[in-house]
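These notes concern the structure reproduced below.
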Amino acid sequence: MDYEHTQRSPWFWVLPTLGALILTLTWSVSRQTLPALIFAGVGITFLGAGLCFGSLTVRDEGQWLAVRFGPLPVFRTKIAYSTITEVEAARSDALDGWGIHWILGRGMIYNLWGFDCVRIQVGKKTVRVGTDDVEGLVCFLRAKMQSFSIPA
C-alpha cells in the first residue's frame, strides 16, 4: 500500500507576492538607509517563508513516513514505521499554531493549515502531522504498523 498526499496552503501565493512587493517598493524608494535594509530583510523573509511553506507532503518511502514542506524542501522529517506505537486522529488548536515546532507536553507538530492532524506516538515521543486527509493517513499508518509488527 502506497500513500502520498499534498496539502496546499492558501499562504502559498500571499507571502511570496507580499515579499516581492515589499522588495520592489524598498528598491524604488531608497537603497541606502537602515529602514530600507530592514524592509528588504522583511521582504526576503516573506518570500522565503512562502516558498518553504507552500505545501506539506506526507508520503510513504518504504521503511518510513516522510513529511516535507515545500516547494523548497528545506524542512522535512522521516518517521520509521517500526518505531510507531500508536496512531490516532487528533486536532491541534490555536496555541499550537502552524509550522514546525516542539511544544512542552504536546510534542512536535508539523502543520501547514487548519487544525486536523494525526497524532503519531513514537515510543515516548509524540509527533503530530497536520493534514486534510486524516482518515486516509490514519488507515494507511495502521496498516503499516501491522505489517511492521513482530509476531509474538
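Brief remarks on what is shown
- Charge tally in the Cβ shell below 15 Å around Leu51, where Lys, Arg are +1 and Asp, Glu are -1, Leu51 excluded: +3
- For the range 36-152, relative contact order (Cα pairs under 8 Å, six or more residues apart, normalised by length) works out to 19 percent.
- Placing a pseudo-label 7 Å from each Cα along the Cα-to-Cβ vector at Gln63 and Ala94 gives an inter-label distance of 4.4 nm.
- Environment charge at Glu135 (Cβ cut-off 13 Å; Lys +1, Arg +1, Asp -1, Glu -1): -3
- For the range 6-52: relative contact order, % (alpha-carbon pairs under 8 angstrom, 6 or more apart): 54
- Restricting the calculation to alpha carbons of the range 56-148 gives Rg and Dmax of 12.2, 35 angstrom.
- Computed over neighbours whose Cβ is under 11 Å from that of Ile109, the net charge equals +1, Lys and Arg +1, Asp and Glu -1.
- At an R0 of 35 angstrom, the distance between the Cβ atoms of Ala143 and Trp13 translates into a FRET efficiency of 0.50.
- Kirkwood hydrodynamic radius (C-alpha pairs) into Stokes-Einstein, the range 6-52, 10 °C and 1.306 mPa s, D in µm²/s: 147
- On Cα atoms only, tilt of 134-148 relative to the major axis of the chain in degrees: 50
- Full extension of the segment from Ser82 to Thr24, taken as 0.36 nm per residue of separation minus the current Cα-Cα distance, would add 15.9 nm.
- Principal-axis tilt of helix 34-52 within the chain, Cα atoms, nearest 10 degrees: 30
Read the figures in this text as sums done on the coordinates, not as results from a lab. Source: prediction; values computed, not measured. Neighbour counts are summed over all protein chains in view; Cβ atoms, including those assigned to glycine, are modelled from backbone coordinates with ideal geometry.
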